[in-house]
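Student: Please find one structure pasted underneath; my questions will follow.
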Amino acid sequence: MKSKSLLLAVTLVSIAAVLSIVSRELMPLPPRLLFSMRWIAIGALFLQGFYRRTLTNWILIAMFTGAAIGHDWPGIAINLRVISLVFLRLIKTIIAPLLFATLVSGIAAHADLKKVGRMGVKAIIYFEVVTTLALGIGLAAINISKAGVGAPIPAAAAETLPAQKLTFSETILHIFPENIARSVAEGQVLQVVVFSLLFGIALALVREERRRPLLQLTESLAETMFKFTNIVMYFAPLGVGAAIAYTVGSTGAGILLNLAKLLLTLYAALLVFVFGVLLPIAVLTGVPLRKFIAAVIEPVSIAFGTSSSEAALPRAMEAMERIGVPRPVVAFVMPTGYSFNLDGSTLYLSLASIFVAQAAGVHLSFGRQLLLVVTLMLTSKGVAGVSRAAIVILLGTVGSFGLPTEPVFILLGIDQLMDMARTSVNVLGNCLATVVISRWEHDFQTGSEVPNS
């Protein structure tokens, strides 16, 4: 019954879409016919939604429903904005504690990096160089495609957070917190990040017996905030549907074309990154490509299907051991990479943040874009384990740069399709990093497959 309801829904949605295109481009059709087909198709979507009760499915249903409400009853749709604003407030409560907990626990938990020595230094340098290249490709892709330019967003949304004009010295000063409570209250993400980094380093320098209780507290806080995120995301269909309804009711359905362009831009940028950065690294470092590709197919597929890097971690570690990476290298590089080497997520964040600026008609200078890149590179650490955590990071970052936050809700409508791709690249990048570090350490066993130990 699931497959039949899905087939029925896809068929009716396709018919409704074709009739709308024909009516707009070729010959006008009776409005009542178009109205009836739209809502029959949405009814079919709700029917299959009851058989396939996943968050992603209901977000997509809410997106279509919101667009239809905005098109057919714009007066009602505009009043639905309060629902999206409630969702926005819930998301904002997550940002500061999530960043603090993930960064502090990520740094302090690796206090033994000095014991690891040369491998730790090489790994961190490799992670930062590769993620910086990913951010650069994302910035270049969105500046070339200009997917957000001309995107119709409501004027009220664009005025939510007016852009600030800061001098160079003020920009540098603005990075450092004066009062951490004030930084949290004002949503100053970069200041929270700087405080968290310094706090994590300080905690790493504390003796083990005194460090352990606070480290356990931050790890528990991080786990709690991830669960909190999951709870809030149950309200995502309402928030997304209301945001889409408000946007379409205020400006029309043109935003959907911009979303399609953004999705194509992301997939193209990720392909450029994989073949233009990861593949040359693999070739230059002598990674056995056939063995590597055969080994990563399964964990990458798991990541693509679940949109969670953490779900693929056990199989990825096992696969890297099987092709010849020693267990100590796998045990160090892979978990560390999950905090510091999120290639797909960082590329997406740079691309999506500029999309928001383009949609809002806000011009960011090259210097501001560089500062944005640094902020994203820092704030993206530690979010690989939870599906859609990147949305929380994006929301906080665009807000701290004086950009409107409502376009971020619009991105939720296609976030699953984007999350699948960026998470797959996260896993692929970490698997490659494990092999590369192993070869640099001259530990990689190049013979036949190594049996599981």
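The numbers here are math on the coordinates, done by the rules we state, and not lab data. Everything quoted here is computed from the prediction, not taken from an experiment. Backbone-built Cβ (ideal geometry, glycine too); neighbour counts: all protein chains shown.
Student: Evaluate the distance, in nm, between pseudo-label points positioned 7 Å from the Cα of residue 173 and of residue 125 along their respective Cα→Cβ axes.
Tutor: 3.6 nm
Student: Describe numerically, in nm with one decimal, the distance between label points set 7 Å from Cα along Cα→Cβ at residue 186 and at residue 208.
Tutor: So the two model labels end up 4.2 nm from each other.
Student: Still on this structure, I have one more. Please tell me which of these pairs span more than 32 angstrom C-alpha to C-alpha: 4/261; 92/261; 261/291? Don't skip to the end; give the middle numbers.
Tutor: Numbers: 4/261 30 Å; 92/261 27 Å; 261/291 35 Å.
Long pairs (Cα-Cα over 32 Å): 261/291.
Student: Based only on other Cβ atoms within 10 Å, what is the fewest-to-most ordering of 443, 343, 415, 72? Before the final figure, lay out each step's value.
Tutor: On the way: 443 14, 343 30, 415 25, 72 17.
Listing 443, 343, 415, 72 from fewest to most nearby Cβ atoms yields 443, 72, 415, 343.
Student: Moving on to the next point. Order by neighbour count: 424, 20, 183, fewest other Cβ atoms within 10 Å first, most last. All intermediate terms of the calculation are to be shown ahead of the outcome.
Tutor: Details: 424 24, 20 16, 183 21.
In increasing order of surrounding Cβ atoms, one gets 20, 183, 424.
Student: Could you line up 234, 338 from fewest to most neighbouring Cβ atoms inside 10 Å? The partial results should precede the final answer.
Tutor: Details: 234 10, 338 22.
If I rank by nearby Cβ atoms, fewest first, I get 234, 338.
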